[in-house]
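Below is one structure, written out as structure tokens; comments come after it.
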């Protein structure tokens, strides 16, 4: 005669298979060890070493989810020490959290406490809670987030995007710190650029573009730029080791957005302050290659320093 534990696990596997087969075109699998011999109707069944996996075409694993323990409810499995992985064509994604919920009905996952997303190309996002929609390939949170990539660190209140973090929208109270040190030198405060905005900030790593919206400010040690919106274009990684295929000298992988700025385009009520000198315009374009700033649309310059102008011809 089969034990009650074996009956319970068999029923649980059948439920999970019904969810995963429709989404992943293949059966999901569960491996577990039942601690309680009884199979109660209530939510007091505990399983150790819970694991769940999904497979796609040709039997290739597309995702997996594991937890140190799992408490089984009617529609939800509550997990501790949760680890999830997504296996993509270009990169893999790892999600970890102290605890989380797996919804057996819609397959969605809610993560809480010390949530971290890490991509195989080097991007990391940290937050306190996260909703992971596997079917629609989206992650979302209303908590404070911190995204780190190369020498860039972005923080905001709330974020959503795809799990690969190739496209991310930071919702409000956005701050982006960028270190731009000279090659071979340690970064200093002079090399730091801080960009803030009310939000949102939309980052598209594939397009090397960051779009700042609403009350934008660029702050450097010797100057500030204010505008309604700003588009910041970055240079993609281009240095690659022929043998390993990895980026050289800590640079971003080929085709992926690096931390070096190509140009900045500010629009709407543009105001640039450098010391006591102020310039205004409707639009301004800064080119990092030649350090050239072009003002367009009713530009006005207010120069208070007369240093170096004492020998200028009359009328200039």
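Just so you know, all these numbers are worked out from the coordinates, no wet-lab data involved. Predicted model only: the values in this text are computed from it and were never measured. Please note: Cβ atoms are built from the backbone with ideal geometry, for glycine as well, and neighbour counts cover all protein chains shown.
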Plugging the Cβ-Cβ distance of residue 214 and residue 105 into 1/(1 + (r/R0)^6) at R0 = 41 Å yields, to the nearest 0.05, a FRET efficiency of 0.60
Distance in nm between pseudo-label sites at residue 137 and residue 76 (7 Å out along the Cβ direction from Cα): 2.8 nm
If I stretch the segment between residue 68 and residue 228 completely, what's the gain in nm (0.36 nm per residue apart, minus their alpha carbon distance), one decimal? 52.8 nm
Given points 7 Å out from each Cα along the Cα-Cβ axis, report the residue 276 to residue 60 separation in nanometres with one decimal. 6.5 nm
Length gained when the stretch residue 294-residue 83 is fully extended (0.36 nm per residue, less Cα-Cα span): 71.0 nm
By Cβ neighbour count within 10 Å, fewest first, 303, 235 rank 303, 235
By count of other Cβ within 10 Å, fewest leading, how are 152, 302 ordered? 302, 152
Relative contact order of region 119-214: what whole-number percent is it, with Cα pairs under 8 angstrom and at least 6 residues apart? 20 percent
May I ask you to derive the FRET efficiency for residue 129 and residue 179 from their Cβ-Cβ distance with R0 = 35 Å, giving the value to the nearest 0.05? 0.75
